[in-house]
Structure formats: structure tokens, C-alpha cells
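Trainee: Once you've had a glance at the structure underneath, I'll fire off some questions.
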Amino acid sequence: MFQIGLLEILVILLVGILVIGPEQLPDFVKALVKNFTKLQNKFFEFRASIERDIGAEDLKQDIFNELKMEELERDADEQPK
């Protein structure tokens, strides 16, 4: 996904402590992670339903087959006669 270094984590933690407060920070982080996980699950469910609706597996298989046929034709043309 994206990379966060140690310095960025420390800055985020410091800002969180100053803005939210040290007592409420753990609960806030737990709620944030919980909501992010729910959002991520909803996104994956939505993506899966769209892929099912458009027949993404069939499209992937057709593209794979087409690429293999092109590769076989190219190999046949390159072989010495």
C-alpha cells in the first residue's frame, strides 16, 4: 500500500496525544482501526459483487487464452522450416 517511516509514526502519535489527549488516544485508535476494517471489508464485498456481475473470471480466462494463442502463433512463425 503505502510506506510510513518511524519519524512519520512519531509525528502522528505526538499530534494525536496533543489533540486527542493521552487518555482517549487508545480508544480513538481502536475505533479508527475498527472503522477502517469495516470500510475495507465493504470495499472488497463491493468489488467482488461487481466482478461477479460483469463475469470478470470469464474475461480473465478469455484474455489469458487469447494471449496464449498469440504466443503459440508467434512461436510457430519463428520456428525454422
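Trainee: Identify the single condition in (1) exposed (fewer than 11 other Cβ atoms within 10 Å of the Cβ); (2) part of a helix (DSSP H, G or I) that LEU13 does not satisfy, given that it satisfies every other one.
Mentor: So LEU13 meets the others, but not (1).
Trainee: Looking for something modelled with pLDDT under 85, assigned to a helix (DSSP H, G or I), within 20 Å of the chain's Cα centre (by Cα) and among the hydrophobic types (A, V, I, L, M, F, W, C) - is there at least one such residue anywhere in region 30-48?
Mentor: No, region 30-48 contains no residue that is modelled with pLDDT under 85, assigned to a helix (DSSP H, G or I), within 20 Å of the chain's Cα centre (by Cα) and among the hydrophobic types (A, V, I, L, M, F, W, C).
The values are calculated or read from the model by the stated rules, or taken from the named source; none is laboratory data. Not measured: the values here are computed from a predicted model. In this analysis, Cβ positions are derived from the backbone assuming ideal geometry, glycine residues included, and neighbour counts consider all displayed protein chains.
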